[in-house]
Amino acid sequence: MNKKDRILTIQDYSCLGRCSLTVALPTISALGVECVGLPTAVLSNHTAFPSWTYLDLTDEMLPITDKWMEFDHSYSMIYTGYLSNEQVPTVLKIIEKLKEDRTLIFVDPAMADRGKLYAGFDQKHVEQMKELIKVADIIKPNLTEACFLTDTPFPGSELSIPKEFYLEVFEKLAKMGPKKIIISGQQPKVGEVADYVYEVGKGLQEYVTPTHPGLYHGTGDLFASAFAALLVKGHSFFEAVKIAHDYVHEAIGYNVKDQIDGLRYGPEFEKAIPFLLKEAGSK
Ligand code: PXL
């Protein structure tokens, strides 16, 4: 691995409830890639709990990155996750400052799920996110986010959606900028979980496995973090998707075994790290 492999991830720090920086830092680090975390906000816990505290750090984000300009600030990838309302313009400025030719831009638009925007977001944030994905090489929306970003009506349920629908959404997204797109964690049938993956020039590929029962929060962040580090380490796009998918599945297996509420407390990924390292091999 190139010694300078380093990912900058820009997302919130939610102290309780595994998501955002609390899963990105350990997952990326475990894979042997340096991870610089730029916190956008500090929350007591994520917003799927009934209430939370919120300290906005928007005003700190540019001063922090300006300080880095005095030092080595070379990044293999800039990976953005959950951003608050109004933070996209700041993130665009940061990308402009820090991006080099080698820097991949990976955007997880983390703003909605199951047909609805997360608490605190509005259409203005959707419009801003449309601007951010224009500068991305790779994006990882879930189906709800993909629908919001392309002004496509959400199909009502995520079950049994025809591949033509995914293809239509992928093509609309690719026209906006990103050449590689992942829609992860879909349910083609009860008991199955699928990632749909699109590359301009290659079309659609899918990876389908059996799933665990229950609802889990933060699995998108866990997937995105593993995927980002695996790609930077030299795994192919589709290989990185498959290993990230299997890592999430392994982590959730521990929630089921230990009866941990995955909707609030997130995937039990700590126990799945040895599995992730084995799957990632020696790259
Ligand atoms: O996992 C996405 C996420 C990240 N950060 C915060 C959230 C959520 C989803 O609700 O509330 C604060």
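The values are calculated or read from the model by the stated rules, or taken from the named source; none is laboratory data. In this text, all values refer to a predicted model and were calculated from it rather than measured experimentally. Every residue, glycine as well, gets a Cβ built from its backbone with ideal geometry; the counts of neighbours run over all protein chains shown. All accessible areas refer to the heavy atoms of the entire protein, side chains included, with ligands and DNA or RNA removed. Shrake-Rupley method; radii C 1.70, N 1.55, O 1.52, S 1.80 Å.
Some notes on this structure:
- Residue-count net charge about E127 - beta-carbon cut-off 14 Å; Lys, Arg +1, Asp, Glu -1: -2
- Positive minus negative residues near F154 (Lys, Arg vs Asp, Glu; Cβ under 12 Å): -2
- Accessible surface for region 175-232, divided over its residues, is 40 Å² per residue with a 1.4 Å probe.
- Nearby aspartates and glutamates by direct alpha-carbon distance to K233 (threshold 14 angstrom, same-chain neighbours under 8 apart not counted): D5, E34, E279
- Counting every alpha-carbon pair across region 147-283, the share separated by more than 23 Å comes to 37%.
- For region 213-243 versus region 1-38, the gap between their alpha-carbon centres in whole angstrom: 12
- Scalar couplings 3J(HN,Hα) for region 198-215, obtained by applying the Karplus form with A = 6.51, B = -1.76, C = 1.60 to θ = phi - 60°, are 10, 10, 4, x, 10, x, 9, 10, 9, 10, 10, 9, x, 10, 9, x, x, 10 Hz; x denotes Gly and Pro.
- Summing charges over neighbours of V208, with a neighbour being any other residue whose Cβ is under 14 Å away from its Cβ, gives -2 when K and R count +1 and D and E count -1.
- When the GluC sites (Glu not before Pro) in region 14-110 are filtered for DSSP coil states and for at most 12 other beta-carbon atoms within 10 Å of their beta-carbon, the remaining sites are E70, E86, E100.
- Carbon plus sulfur fraction of accessible area for region 6-280, probe 1.4 Å, in percent: 55
- Compactness index (Cα Rg / 2.2 N^0.38 Å), region 221-283: 1.11
- Candidate cross-link partners of K175 among the aspartates and glutamates, defined by an alpha-carbon separation under 15 Å and a same-chain spacing of 8 or more, comprise E131, D137, D151, E199.
- Amide H contacts of Y118 (H built 1.01 Å from N, in plane; Pro and chain starts excluded): A112, D113 sit under 5 Å, all sequence-distant by 5 or more or on other chains.
- For region 93-100, putting each phi into the Karplus relation 6.51 cos²θ - 1.76 cosθ + 1.60 with θ = phi - 60° gives couplings of 5, 5, 4, 4, 6, 9, 5, 10 Hz, in residue order, rounded to whole numbers and with x for Gly and Pro.
- For region 1-113, the solvent-accessible area of protein heavy atoms averages 41 Å² per residue (probe radius 1.4 Å; ligands and nucleic acids excluded).
- Per-residue HN-Hα couplings for region 267-276 [Karplus 6.51, -1.76, 1.60; θ = phi - 60°; Hz; x = Gly/Pro]: x, 7, 6, 4, 6, 8, 4, x, 4, 4
- Residues whose amide H comes within less than 5 Å of that of I10, counting only those at least five positions distant or on another chain, are L38, Y79, T80, G81 (H built at 1.01 Å from N in the peptide plane).
- For the chain, taking the reciprocal of the average inverse distance between every pair of different Cα atoms yields a Kirkwood hydrodynamic radius of 18.8 Å.
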